[in-house]
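The values are calculated or read from the model by the stated rules, or taken from the named source; none is laboratory data. Just so it is clear, the model here is predicted, and its values are computed rather than measured. Here Cβ is always computed from backbone atoms with ideal geometry, including for glycine, and neighbour counts include all displayed protein chains. SASA here: full protein model, heavy atoms, side chains in, ligands and nucleic acids out. Shrake-Rupley method; radii C 1.70, N 1.55, O 1.52, S 1.80 Å.
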Amino acid sequence: MDFSLSSEQKEYQELALKFAKNEMIPNAAKFDESGEFPKEIFEKAWQAGLLNTCVPVEYGGAGFSNLDAVLIGECLAYGCMGMNSSMMANDLALLPIVIAGTAEQKKKFLTPFTEKFLLASFCLTEPENGSDAAGIKTSIVDKGDHYEVNGNKMWITNGGYADLYVVYGTKDASLKNKGISCVVVPKGTAGIEIGKKEDKLGHRASDTRAITFNKVKVPKENLLGKEGEGWQIAMKTLDHSRPLVAASAVGGAQRAMDLAVKYALERKQFGKSISEFQAVQFMLAEMGMRTEASRMLVYQAAWMADQKIRNTKVASIAKAMASDGLMQTATDAVQIYGGYGYSKEYPIEKIFRDAKLLQIYEGTSQIQRMVIARELLRSN
Ligand code: CAA
């Protein structure tokens with residue numbers, strides 16, 4: 001087994017980390033405070049080739065593997081997990097097109113993302129259906145020459161800025177997962193109603209909104225896969241995107257740990273550096289153990305996706321381990337900072353707030369455990 005990265009992978013990593021340090025870290029507190037959307041920073045990331053990692057070469061993309069994407073995502077999250085949410089959301093929304101689109105659909109919907117800076121939204125979650133994704137009520141109904149979409153979506157990342165929406169709906173909610181289809185809805189289509197920006201605890205730089213689809217007419221050629229295949233498309237997408245979220249958690253944890261180490265070395269109490277106290281050292285050691293173990297799981301989950309090996313279980317293990325690990329690491333990092341950790345003058349309280357969402361979105365830590373248990377039971 002070879003753990004070394006290729007020279008290209010090291011180059012992307014270096015590029016993404018440089019971007020995080022030069023463009024994201026210096027601006028993170030400002031956008032967190034104001035809640036404004038840092039579109040210019042995202043546009044710069046696009047210019048640097050750090051967005052839309054899933055777009056294949058044939059459609060103008062860089063042809064990054066899932067492993068390449070997690071290497072980049074970890075570095076961007078090191079800069080700011082909130083900004084990285086918006087950046088990752090593009091991949092989450094484009095992946096269903098990569099997975100299930102025809103060559104024509106890929107050319108039509110993916111290529112524009114490589115020609116100019118555009119944003120996309122993945123619309124699965126609804127006000128009453130988050131964890132229970134098969135229970136969605138938004139309808140996608142065949143009206144002869146087009147589909148009509150009606151329903152409410154919730155917690156949609158990039159919702160207010162998206163140039164296209166990938167929307168899941170059902171022809172009959174009683175069919176549960178078997179009735180779900182997935183369509184691409186371009187921005188500006190009549191009947192798309194964009195809700196107010198959510199005022200959130202963390203990830204304040206990412207744009208999160210409710211989106212209502214009110215008698216939205218969608219051309220038949222915008223259906224991804226066949227009618228009723230939407231669920232499989234969503235599940236396969238999550239198998240690819242959960243390693244990206246887990247990578248974001250690893251990047252956030254690495255940043256929290258780096259800050260905690262630096263502070264522990266600088267801070268003096270009882271006449272010596274607090275890094276000399278075993279209580280502090282053990283917290284740092286646990287951070288190192290969690291972060292390194294999570295990183296290995298992320299690489300494994302991404303590598304499996306690249307080898308086209310079903311990675312559902314490992315992707316969920318990586319997502320749960322990395323996000324729960326991040327929450328603990330961020331909590332301990334605040335503890336090491338003491339009172340200063342609770343102040344907005346230091347970057348650690350933002351990481352603590354941002355960390356919480358990683359245990360919630362793209363499947364809560366509890367849903368990941370449900371998936372892991374089902375996969376374990378299924379294979380026996
Ligand atoms: N690949 C292929 N097939 C899969 C699959 C996978 N990964 N996972 C499940 N399936 C299949 C099952 O084998 C089953 O097939 P059969 O009907 O033929 O038996 C079928 O799908 C239904 O599966 P389940 O019985 O497991 O379905 P369920 O309804 O009980 O629960 C769940 C499934 C895994 C809990 C799912 O609802 C889930 O993942 N929930 C969380 C949703 C989520 O992650 N949402 C995040 C939205 S994105 C986001 O956060 C927004 C953002 O902007 C960041």
(request) Tabulate in residue order the Karplus-calculated ³J(HN,Hα) for region 30-44, using 6.51 cos²θ - 1.76 cosθ + 1.60 with θ = phi - 60°, rounded to whole Hz; enter x for Gly and Pro. (result) 4, 6, 5, 5, 7, x, 6, 8, x, 4, 5, 5, 5, 5, 5
(request) Identify all lysines with a Cα-Cα distance to K220 below 17 Å; exclude those on the same chain that are fewer than 8 residues away in sequence. (result) K106, K107, K108, K143, K171, K187
(request) Mind pulling the per residue volume of the convex hull built on the Cα atoms of region 7-115? Å³ is fine. (result) 88
(request) For region 218-225, just list the computed ³J(HN,Hα) in residue order, Karplus coefficients 6.51, -1.76 and 1.60, θ = phi - 60°, integers in Hz, with x standing in for Gly and Pro. (result) 10, x, 4, 6, 8, 6, 8, x
(message) Report D for the chain in µm² per second (integer): Stokes-Einstein, Kirkwood Rh on Cα pairs, 4 °C, 1.567 mPa s.
(response) 61
(request) Taking H placed 1.01 Å from N in the peptide plane, check which residues at least 5 places from E126 or on another chain put their amide H under 5 Å from its amide H. (result) M154
(message) Could you sort the peptides 202-214, 176-188 by per-residue average Cβ neighbour count (10 Å cutoff), highest mean leading?
(response) 202-214, 176-188
(request) Quickly estimate the mean residue ellipticity at 222 nm for the chain, helices only: each DSSP H run with n ≥ 4 gives -39500 (n - 2.57), and the total goes over all residues, rounded to 500. (result) -17500 deg cm²/dmol
(request) Give the Rg (one decimal place) followed by the Dmax (whole number) of region 329-372, computed from C-alpha coordinates and expressed in Å. (result) 13.2, 40
(message) Can you give me the angle between helix 365-378 and the longest principal axis of the chain, using Cα atoms only, in degrees from 0 to 90, rounded to the nearest 10?
(response) 70
(message) I'd like to compare 122-133, 345-356: which one has the highest average count of other Cβ atoms within 10 Å, and what's the full order after that?
(response) 345-356, 122-133
(request) Can you tell me the 0 to 90 degree angle between the C-alpha axis of helix 103-115 and the longest principal axis of the chain, rounded to 10? (result) 40
(request) Could you state the angle between the C-alpha long axis of helix 81-100 and the longest principal axis of the C-alpha atoms of the chain, as a value from 0 to 90 degrees rounded to the nearest 10? (result) 40
(message) Using a 1.4 angstrom probe on the protein heavy atoms only, could you order D199, D172 from most to least accessible area?
(response) D199, D172
(request) Give me the compactness ratio for region 184-234, meaning the Cα radius of gyration over 2.2 N^0.38 Å. (result) 1.47
(request) Using Cα positions and a limit of under 17 Å, work out the lysines in reach of K272, with same-chain residues fewer than 8 apart set aside. (result) K262
